[in-house]
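One structure is given here, and the rest of the page talks about it.
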Amino acid sequence: MNDDFYQIYLEEMEGISPCTKEETEMLLKNIKEGNKDAKKRLVEGNLKTALSYAKEFDGKGVLLTDLVQEANMALMMAVEQYDGSPTKEEFDRFAGDLINEYLLEAVQEEVSAEQTAEELAARVNVLQTVSSILAKELGREATIEELADKMKMTVEEIHGIMKIALDAMSINTEDIDLEALEGADGFDLIEQEEEDYKG
């Protein structure tokens with residue numbers, strides 16, 4: 001689906017002519033005089049440039065269609081914010097820096113989201129193991145308080161991770177038993193146990 005949208009976008013780009021140096025500088029002057037049509041044309045005439053910036057970030061975890069959208073938003077912001085001299089070189093530099101900033105932030109946010117998801121999955125896996133171990137040691141299911149004590153965490157922290165894990169897995173809390181709930185909560189157990197061994 002994204003490929004289809006991207007292909008349609010490329011086809012639309014073919015009918016838009018890029019701004020020349022002379023046109024860019026004329027548009028910048030007109031914009032300073034409050035001409036809104038000049039802003040629209042300056043954005044339109046630099047869409048291919050924005051696309052080229054977006055392509056440089058392709059393959060870094062963000063869909064190309066999303067990168068194009070970010071680049072276009074940055075371009076529009078650049079046209080709105082630019083207050084330098086009416087020269088193509090200065091405007092291009094200003095717009096390019098802003099587009100790169102938007103794209104870099106989009107990639108970093110995606111990486112951060114993926115890391116958070118991986119960390120949550122790791123915590124859930126660890127707690128599933130701990131829940132099972134405690135159940136065998138105690139001869140019964142461990143309480144949340146016992147898990148919290150074992151994890152060196154508060155009961156509220158355990159509940160918080162449980163909620164996040166359950167939301168992520170779309171599990172109905174009415175259909176899950178205590179052991180499963182306990183297995184879906186907690187973090188930093190491995191690190192804590194390593195510290196215990198060192199101590």
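Taking every residue in the stretch 99-118 that is of a type outside the set (Phe, Trp, Tyr) and pairing it with any residue that is at pLDDT below 75 and open to solvent by 60 Å² or more (accessible area, probe 1.4 Å), at least 6 positions away or on another chain, the pairs with Cβ-Cβ distances below 8 Å are ALA117/ALA168. So for the stretch 117-137 (the condition being in contact with an Asp or Glu (Cβ under 6 Å, 6 or more places away or on another chain) and surrounded by 19 or more Cβ atoms within 10 Å (Cβ to Cβ)), does at least one residue qualify? Yes, there is a match, as at least one residue in the stretch 117-137 is in contact with an Asp or Glu (Cβ under 6 Å, 6 or more places away or on another chain) and surrounded by 19 or more Cβ atoms within 10 Å (Cβ to Cβ). Screening THR24 on (1) open to solvent by 50 Å² or more (accessible area, probe 1.4 Å); (2) at pLDDT 95 or above; (3) among the hydroxyl-bearing types (Ser, Thr, Tyr) shows it passes everything except condition (1). Select from the stretch 74-89 the residues that are without any contact (Cβ under 8 Å) to a residue 24 or more places away in the chain and open to solvent by 80 Å² or more (accessible area, probe 1.4 Å) and write down the one among them that is farthest from LYS60 (Cα to Cα). By that ranking, first place goes to ASP83. For first residues located in the stretch 55-72 and charged (D, E, K, R), partners that are part of a helix (DSSP H, G or I) and lie 6+ apart or on another chain with Cβ distances below 6 Å form the pairs ASP58/LEU64; LYS60/VAL107; GLU70/TYR102; GLU70/LEU103; GLU70/ALA106. The residue of the stretch 9-21 that is least open to solvent (accessible area, probe 1.4 Å), among those that are of a type outside the set (Val, Ile, Thr) and in a loop (DSSP other than H, G, I, E, B), is CYS19.
Pick out the one residue from GLU44, GLU70 that is of a type in the set (D, E, K, R) and crowded, with 18+ Cβ neighbours inside 10 Å. Can you show your working first?
On the way: GLU44 fails: crowded, with 18+ Cβ neighbours inside 10 Å.
Going through GLU44, GLU70 in turn, just one is of a type in the set (D, E, K, R) and crowded, with 18+ Cβ neighbours inside 10 Å: GLU70.
Counting the residues of the stretch 69-97 that are assigned to a helix (DSSP H, G or I), more than 14 Å from ALA38 (Cβ to Cβ) and β-branched (Val, Ile, Thr) gives 0.
The values are calculated or read from the model by the stated rules, or taken from the named source; none is laboratory data. None of these values were measured; they are calculated from a predicted model. FYI the Cβ positions are ideal-geometry reconstructions off the backbone, even for glycines, and counts take in every protein chain you see. When the accessible area is computed, the model is the full protein with side chains, heavy atoms only, and any ligands, DNA or RNA have been set aside. Shrake-Rupley method; radii C 1.70, N 1.55, O 1.52, S 1.80 Å.
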